[in-house]
Amino acid sequence: MIQAVIPGRETLNLEVLVLDFNGTLALDGQMLESVRNSLIRLATFLEIHILTSDTYGTVVRQCMGLPVQVSVLKSTEHAKEKANYLAQFGSREIVAMGNGVNDQLMLKQAQLGIAVLGFEGASTHALIAADVVVNKIEDAFGLLLETKRLKATLRS
C-alpha cells in the first residue's frame, strides 16, 4: 500500500494500480526500460494491472516477467469496460493512469486518476477526468514513490 496524506482531502491508501498500455507505458507497442524498472519497484507496494486494447499486439510479450496482470479488452466499448474493470477491487483504493478517450471513465472513477501526456499526447477527455496531469509516465510513478509530490499538487 502507498499512503498519501493530502491536506484538505481524505488520506489516500492506494492498493491497486491500473494502467493503460499504449501511449501511457509504451510507444508503438514497445515499453521503455525505465518503465519496466519502475513497475518492478512499485509492485512491492501495489497490485498492478494493465488494461489495453493492445493496438500493436505486443502487450503480453512486453510484460513477460513483470509482476503485473495483463487484460486485453474484449468489448467494443473500451471506456466502459475499463471503468467496469475497477469494480472487482471493491472498496480497495485505486490509482489509475492513462492518456486516451477510453481512459476517461477509469481515471474519474479511481481514487486517484493520473493523465499522462507522454509520447502520443493525451485526450482532453482524459485530462478533464484526471486529478493530476503529468508530462511522462516516469513523472506519474515518481508521484507514487515520493508522495510529498502528490501532497504539493493536490492540497487545497
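The values are calculated or read from the model by the stated rules, or taken from the named source; none is laboratory data. This structure is a prediction, so every number in the text was calculated from the model and none was measured. Quick reminder, even Gly has a Cβ in these numbers, built from the backbone with ideal geometry, and neighbours come from all protein chains shown.
Filtering segment 142-156 to residues that are closer than 26 Å to Asp28 by Cβ and surrounded by fewer than 22 Cβ atoms within 10 Å (Cβ to Cβ) leaves only Gly142.
Among the residues of segment 1-22, count how many are not small (Gly, Ala, Ser) and not in a strand (DSSP E or B).
Here the count works out to 8.
If the condition is being in a helix (DSSP H, G or I) and either of a type outside the set (A, V, I, L, M) or within 12 Å of the chain's Cα centre (by Cα) (or both), then segment 102-127 contributes Asn102, Asp103, Gln104, Met106, Leu107, Lys108, Gln109, Thr124, His125, Ala126. Residues of segment 51-68 that are in a loop (DSSP other than H, G, I, E, B) and free of Cβ contacts under 8 Å to residues at least 12 places away in the same chain: Met64, Gly65. Checking each residue in segment 128-156 for being in a helix (DSSP H, G or I) and β-branched (Val, Ile, Thr) picks out Ile128, Ile137, Thr153. Evaluated against (1) more than 25 Å from Leu154 (Cα to Cα); (2) out of contact with any His (no Cβ under 7 Å at 6 or more places or on another chain); (3) in contact (Cβ under 8 Å) with a residue 40 or more places away in the chain, Ser38 falls short on exactly one condition, (1). Taken as a whole, segment 29-39 holds at least one residue that is at pLDDT 95 or above, more than 20 Å from Val134 (Cα to Cα) and part of a loop (DSSP other than H, G, I, E, B). Do we have any residue at all in segment 66-75 that's closer than 22 Å to Gln3 by Cβ and loosely packed, with under 15 Cβ neighbours inside 10 Å? Yes, that holds for at least one residue. Within segment 40-50, which residues are in a helix (DSSP H, G or I) and either surrounded by 15 or more Cβ atoms within 10 Å (Cβ to Cβ) or of a type in the set (Gly, Ala, Ser) (or both)? Result: Leu42, single match.
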